[in-house]
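Written out below as structure tokens is the structure these notes cover.
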Amino acid sequence: MKYGMIATGSKEASHAALEILKLGGNAFDASISAVITSMTSEVNLTSMAGGGAMLAYEKGNNPILYDFFVDAPPIRGNKSFEFYKTKIDFGGTEQLFHIGKGSVAIPGNIKGLLYAHSKLGVLPLTEVLSPAKDIARNGVVLSKSQSYITSLLEQILNTSEATKKIFHKNGKLISEGETFLNPDFADFLDWIGEEGDRPFYEGEIGRKLVSYLGDDGLIKIEDLNSYKVVERVPLRHAIKDKLFFTNPAPSVGGTLIVFFLELLNRVNKDYHFDNNLLIRLMIATTNARYRFYKDPNSQEQLNQLLTEDILDYYSNAVSRNSIFDTNDFLDNGLGSTTHVSIIDRMGNASSITTTNGESCGHIIPGTGVILNNMLGEQDLNPLGFHNWIYKKRMPTLISPSMIIDKNGEVHLTVGSAGSNRIRSAISQVMMNYLIKEMNLREAVNAPRLHLENSDLFVEPDIEINSLEDLGPLSINRFNDLNLFFGGVNAVSKKEAVSDPRRGGFSIEC
């Protein structure tokens, strides 16, 4: 490769990464630039006021996980927040979402992306931000997939005059082929390019956010002051002669992927599987999550999923075709998340997943920065909304991942959008690529399964031999590949592939 391998959720984000690589930037510069560009090109999937995680591998060093997911602010006695339900029609099914100022968690993306750049980047921050500023100021033509997502979120985007201002044209919601502009966001990027994250976490923008939310929200200036990026040792699993790395606790997603792989390894040392075994493993993983992870505030509870006793219990049960309950925590049907995977010519690799939820319907005045609704995400709050006392890092399903061989070469950099489908999407793509030995495009494009409670969702051309040994499952078949099954963006040293389900864009250069 001359520059690198790039897979993102949009053409604009991939071209931003390419521009940075051509300027002499590394995978970390390029991926950070792509993520910030996607805050305009995939405006309803991520934001500077959202949260995320970055798995970074500098050639020759150990991978490191930068956790900059959102924090839940402390409950200080007031519970009369602006917090309410809204319905989204997915066509054939409606889903409830919770939005309003009381759904805003403490943002992490700004501090996390700038922190990672300060640790790993080689280009000046102003250069890394330049493509994102240009896109925000000059606009991006709304793609088919982004237009669809925008239409799904219309009720939320009509919440405030500020959201109406940028998402409406001539009184109507913008649609495919029309230009989305966010000049205030470009000005905001100018500001942080000069001053870093200080204005947001310690200065003028932070005070503006706290004032705007007021008693309708939970965030206070001291919450912003005390936000920290956490450097974590990635969770790892040996598979064949390689190592799989992913997001550790308090991430739920990474832990469940490794749990799935551990079960498969115990059931079949060669990792071979058919669709029926895949479904049984999904059932076991779902049951284990529900049974052993009742409290998202307890990292110890999550870690016990990977103890020998629990792994042996579930692998033996899968081998005996035991039937489990398939209860699971309620899921967000859209999965408003996006992922960037990049390998550069030096062998460095970056895997970043970020999200803004569905947004809360509000923008920090004068910044173009759309606020998250993480405190209203059902799958992140299984014990109920606002049901905690102390400030805490929220659990997350996002799972930026990599496979690295024994020589220190990156074999695969991968991640996905899609809420609960993140874990099933990454697992299936990885197994298609590593075990079934598909090329990367075949592995990403292959039809997928996903289990949600007792509902089995199936893309076309998947054969299931028998359901008799799987319990009372209801099969929901899709006619085409669908964004419901995630949005995997993956790169190897030879291929770059973005998921057609979400209109992603890849570049091999």
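The values are calculated or read from the model by the stated rules, or taken from the named source; none is laboratory data. Here the structure is a predicted model, which means the values were calculated and not measured. Positions of Cβ are backbone-derived with ideal geometry, glycine not excepted, and every protein chain shown enters the neighbour counts.
Could you identify the single residue in ASN372, ASN348, ASN356 that is under 15 Å from the mean Cα position of the chain (by Cα), in contact (Cβ under 8 Å) with a residue 12 or more places away in the chain and more than 16 Å from LEU218 (Cα to Cα)?
Of the residues listed, the single one that is under 15 Å from the mean Cα position of the chain (by Cα), in contact (Cβ under 8 Å) with a residue 12 or more places away in the chain and more than 16 Å from LEU218 (Cα to Cα) is ASN356.
Determine, yes or no, whether SER31 is touching a strand residue (DSSP E or B) at 6+ places or on another chain (Cβ under 9 Å) and either closer than 24 Å to ASP197 by Cβ or of a type in the set (Val, Ile, Thr) (or both).
So SER31 passes the test.
Might you let me know whether the range 163-170 holds any residue that is of a type in the set (Ser, Thr, Tyr) and surrounded by fewer than 16 Cβ atoms within 10 Å (Cβ to Cβ)?
No: zero hits.
Considering only residues that are of a type in the set (Phe, Trp, Tyr) and farther than 30 Å from TYR148 by Cα, look in the range 44-71 and name the one that is surrounded by the fewest Cβ atoms within 10 Å (Cβ to Cβ). Write out each step before concluding.
First, the residues of the range 44-71 that are of a type in the set (Phe, Trp, Tyr): 57, 66, 68-69.
With the extra rule that they be farther than 30 Å from TYR148 by Cα, the set shrinks to 57, 66.
Working: TYR57: 25, TYR66: 22.
Ranking the qualifying residues of the range 44-71, first place goes to TYR66.
Could you identify the single residue in TYR290, TYR314 that is at pLDDT 90 or above and either in contact with a Lys or Arg (Cβ under 9 Å, 6 or more places away or on another chain) or not aliphatic (A, V, I, L, M) (or both)? Let's see the steps before the verdict.
Working: TYR290 fails: at pLDDT 90 or above.
Within the list TYR290, TYR314, the selection yields TYR314.
Determine whether ASP461 is on the phi > 0 side of the Ramachandran plot and either in contact (Cβ under 8 Å) with a residue 12 or more places away in the chain or within 22 Å of the chain's Cα centre (by Cα) (or both).
It is true that ASP461 is on the phi > 0 side of the Ramachandran plot and either in contact (Cβ under 8 Å) with a residue 12 or more places away in the chain or within 22 Å of the chain's Cα centre (by Cα) (or both).
Residues being among the small types (Gly, Ala, Ser) and either at pLDDT 90 or above or not in a loop (DSSP other than H, G, I, E, B) (or both): count how many of those fall in the range 372-394.
So the answer is 1.
Among the strands (runs of 3 or more DSSP E) contained in the range 1-90, which hold 1 or more residues that are of a type in the set (Val, Ile, Thr) and in contact (Cβ under 8 Å) with a residue 40 or more places away in the chain?
Details: elements: 4-8, 51-57, 64-68, 84-89.
Of the strands (runs of 3 or more DSSP E) lying wholly inside the range 1-90, those with at least 1 residues that are of a type in the set (Val, Ile, Thr) and in contact (Cβ under 8 Å) with a residue 40 or more places away in the chain span 4-8, 64-68, 84-89.
Restricting the first residue to the range 185-204 and requiring it to be in contact (Cβ under 8 Å) with a residue 40 or more places away in the chain, which pairs with a second residue that is assigned to a loop (DSSP other than H, G, I, E, B) and among the basic types (Lys, Arg) meet a Cβ separation below 9 Å and a spacing of at least six or different chains?
Note: no pairs meet the criteria.
For the structure I just gave you, tell me whether SER41 is surrounded by fewer than 24 Cβ atoms within 10 Å (Cβ to Cβ), among the small types (Gly, Ala, Ser) and touching a helix residue (DSSP H, G or I) at 6+ places or on another chain (Cβ under 8 Å).
Numbers: surrounded by fewer than 24 Cβ atoms within 10 Å (Cβ to Cβ): no; among the small types (Gly, Ala, Ser): yes; touching a helix residue (DSSP H, G or I) at 6+ places or on another chain (Cβ under 8 Å): yes.
Taking the combined requirement at face value, the residue does not satisfy it.
Being without any contact (Cβ under 8 Å) to a residue 60 or more places away in the chain, out of contact with any helix residue (DSSP H, G or I) (no Cβ under 7 Å at 6 or more places or on another chain) and within 25 Å of LYS240 (Cβ to Cβ) narrows it down to one of PRO447, PRO472, so name that one.
The unique qualifying residue is PRO447.
Filter the helices (runs of 4 or more DSSP H) completely within the range 165-227 down to those with at least 3 residues that are under 26 Å from HIS98 (Cα atoms), more than 24 Å from the chain's Cα centre (by Cα) and at pLDDT 95 or above.
Per the criteria, 204-213.
How many residues does the range 233-247 contain that are within 14 Å of the chain's Cα centre (by Cα) and not in a strand (DSSP E or B)?
Residues flagged as within 14 Å of the chain's Cα centre (by Cα) and not in a strand (DSSP E or B) within the range 233-247 amount to 1.
Go over the candidates VAL444, VAL458 one by one and state the one that is among the aliphatic types (A, V, I, L, M) and at pLDDT below 95. Steps first, please.
Working: VAL444 fails: at pLDDT below 95.
Step by step, each of VAL444, VAL458 is checked, and only VAL458 is among the aliphatic types (A, V, I, L, M) and at pLDDT below 95.
Working only within the range 344-371, note down all residues that are part of a loop (DSSP other than H, G, I, E, B) and within 19 Å of SER399 (Cα to Cα).
ASN348, ASN356, GLY357, GLU358
Of (1) of a type outside the set (S, T, N, Q); (2) under 24 Å from GLY504 (Cβ atoms); (3) assigned to a loop (DSSP other than H, G, I, E, B), LEU412 satisfies all except one. Which?
Failing condition for LEU412: (3).
Looking at PHE81, PHE68, PHE90, PHE97, which one is at pLDDT below 95 and closer than 19 Å to ILE364 by Cβ? Quick ask: steps written out before the conclusion?
Numbers: PHE68 fails: at pLDDT below 95; PHE90 fails: closer than 19 Å to ILE364 by Cβ; PHE97 fails: closer than 19 Å to ILE364 by Cβ.
Criteria check complete, one pass: PHE81.
Looking only at residues that are assigned to a strand (DSSP E or B) and within 22 Å of the chain's Cα centre (by Cα) in the range 395-409, which one is farthest from SER251 (Cα to Cα)?
Selected residue: ILE404.
Which of (1) of a type outside the set (Asp, Glu); (2) more than 15 Å from the chain's Cα centre (by Cα); (3) over 22 Å from ALA53 (Cβ atoms); (4) surrounded by 15 or more Cβ atoms within 10 Å (Cβ to Cβ) is the odd one out, the single condition ASN439 does not satisfy?
All conditions pass for ASN439, except number (4).
Can you say whether PRO124 is surrounded by fewer than 18 Cβ atoms within 10 Å (Cβ to Cβ), out of contact with any Phe, Trp or Tyr (no Cβ under 7 Å at 6 or more places or on another chain) and without any contact (Cβ under 8 Å) to a residue 40 or more places away in the chain, as far as the supplied structure shows?
Answer is yes for this residue.
Output the number of residues of the range 399-423 satisfying the condition of being on the phi < 0 side of the Ramachandran plot, crowded, with 24+ Cβ neighbours inside 10 Å and either modelled with pLDDT under 95 or touching an Asp or Glu at 6+ places or on another chain (Cβ under 7 Å) (or both).
5
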